[in-house]
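Asker: Here it is, the structure, as C-alpha cells.
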C-alpha cells in the first residue's frame, strides 16, 4: 500500500520547486515551465485526495486543470514571442514597460 | 513492488523538477520537464488514475512540451541571449527554501490526520467519461470555448504586425 502522505509530500515539494523557479529565474520560458510544474503538483495532490476518498470527482477536476494548463501554455508562449519581438530578449527583468 | 516503484517515480519527479529550474539552457530544462511529467504519469498509474496517466502523457508530455520546444527552437537563443540563473534576488532563495520547508512540514502534519483510504472506483476511462459527459457536461463544454479563445488569443499575440 502506497503511503498517501508521501504522495502529498511529493506534491508539496514539486509545488515549492515551481515557486522557487518563478521567483528565481529571469528566463521567461523557464518561468512558464515552473508554472507548469506547480499545476502538475496540484494535480498530484488532487489525485492523492481522490484516491483517499475513493471519489473520482477530483480526477475530473484534474482533467480541467490540464485543459486550462494547455490554454495557459499557448497564451504564455505567445506572450514570450511578443516579448522577444519587442526586446530581442526573454529576460523578464528587461520587461519594464509598465514600470512608472 | 508498488511502494518501490512509487518512491522511484517520486524521486525522479522531484529531482527532475529541481533540474528544470537549475539548468541555464531552456532546452535541457524542457527535456527534464518531460521526464518529470512521465514520472508523474507513473505515480498516477500507481494511484489508480489510469485515464489521467494517459492524458498526462498525451497532453503534457506531448502537446504542451512540443509547444515549449517549438518556441525555444523558434527563438533560437544563443548563449549570450540567456539571462543568468542566479540573480541579485538571492533573498528569494531563502524565502523559497523556508516556504518549502514549512510546506513539507504542513504536508507531514496533514498526513498524520489523514483518514484511511476509502475503497472506490478506479480512475478508468469509462468511469471518468461518465462524469465528464454527465454531471460535468457544462464545464466540459466551457473548456472547449476556453481552448478556442486561447488559440485565437495566441495567434493575435504572436502575429507579426505588418507596417
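The values are calculated or read from the model by the stated rules, or taken from the named source; none is laboratory data. All figures in this text were calculated on a predicted structure; none of them were measured in a lab. As a convention, Cβ positions derive from the backbone with ideal geometry for all residues, glycine included, and neighbour counts pool all protein chains shown.
Asker: Looking at (1) free of Cβ contacts under 8 Å to residues at least 12 places away in the same chain; (2) surrounded by 14 or more Cβ atoms within 10 Å (Cβ to Cβ); (3) more than 9 Å from chain A (Cβ to nearest Cβ); (4) within 14 Å of the chain's Cα centre (by Cα), which is the one condition that is false for residue B:55?
Answerer: Every listed condition holds for residue B:55 apart from (3).
Asker: Something else: Among the residues of the range A:19-49 satisfying the criterion of being more than 20 Å from residue B:82 (Cβ to Cβ) and more than 7 Å from chain B (Cβ to nearest Cβ), which is farthest from the chain's Cα centre (by Cα)?
Answerer: A:49
Asker: Among helices (runs of 4 or more DSSP H) lying entirely in chain A, which contain 3 or more residues that are closer than 25 Å to residue B:151 by Cβ, touching a helix residue (DSSP H, G or I) at 6+ places or on another chain (Cβ under 7 Å) and at pLDDT 90 or above?
Answerer: In chain A, the matching helices (runs of 4 or more DSSP H) lie at A:28-53, A:57-87.
Yes or no, residue by residue, for (1) touching a helix residue (DSSP H, G or I) at 6+ places or on another chain (Cβ under 8 Å); (2) surrounded by 12 or more Cβ atoms within 10 Å (Cβ to Cβ); (3) under 21 Å from residue B:52 (Cβ atoms):
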site	(1), (2), (3)
B:96	yes, yes, no
B:99	yes, yes, no
B:118	yes, no, yes
B:121	yes, yes, yes
B:140	yes, yes, yes
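Asker: Hey, could you check the range B:12-21 for residues that are within 9 Å of chain A (Cβ to nearest Cβ) and surrounded by fewer than 24 Cβ atoms within 10 Å (Cβ to Cβ) and say which is nearest to residue A:25 (Cα to Cα)?
Answerer: B:18
Asker: I've got another one for you. Taking the range A:49-60 only, how many residues are farther than 17 Å from residue B:116 by Cα and surrounded by fewer than 18 Cβ atoms within 10 Å (Cβ to Cβ)?
Answerer: 1
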